[in-house]
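Right, one structure below, let's go through it.
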């Protein structure tokens with residue numbers, strides 16, 4: 001092997017080492033490197049053409065943690081090629097609320113990728129709840145269900161039947 005190949009290999013290895021160190025530093029700085037009593041949850045919302053309900057739904061979802069009664073969470077909204085005003089609404093809400101990440105299919109996806117796979121890739125949580133905001137769904141009931149799943153009061157020890 002020529003000396004230039006060895007130098008290139010050494011530089012590539014050094015680059016990889018620096019990347020690992022920087023990723024580890026970011027992970028620890030984010031607070032995920034410390035032990036937690038409860039998991040960090042990602043709520044993944046898949047949306048298509050719901051300009052009528054998306055602002056109310058995401059607003060309510062982002063406000064669940066205001067009373068402190070729910071687990072730590074983030075909201076990841078994936079716009080699935082909407083043709084109405086759904087994407088501009090999601091984009092505006094994401095700019096106003098730090099808890100909300102916005103992703104638009106087509107901007108980040110390749111042919112054949114699903115909104116679920118793109119959204120799950122964007123999630124930073126220890127676990128993810130997936131909601132599909134579709135026509136005909138009871139949006140209020142969906143918010144109630146998510147709040148119930150995120151509720152800290154639900155974390156009771158199981159009762160074992162004898």
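Observations on the model:
- Counted by neighbouring Cβ atoms within 10 Å, the residues 105, 149, 1 run from fewest to most as 1, 149, 105.
- Were the residues from residue 108 through residue 55 laid out at 0.36 nm apart, the gain over their Cα-Cα distance would be 16.8 nm.
- Exposure proxy ranking, count of Cβ atoms within 10 Å, fewest first, for 4, 73, 81: 4, 81, 73
- Order of 147, 152, 101 under a 10 Å beta carbon neighbour criterion, fewest first: 152, 147, 101
- For segment 41-152: relative contact order, % (alpha-carbon pairs under 8 angstrom, 6 or more apart): 41
- Angstrom value of the Kirkwood radius, inverse mean 1/r, which spans all Cα pairs in segment 41-152: 13.9
- Rounded to the nearest 5, the antiparallel percentage of DSSP beta bridges internal to segment 41-152 is 5%.
Bear in mind these aren't lab numbers, they're just calculated from the coordinates by the rules spelled out. This structure is a prediction, so every number in the text was calculated from the model and none was measured. Quick reminder, even Gly has a Cβ in these numbers, built from the backbone with ideal geometry, and neighbours come from all protein chains shown.
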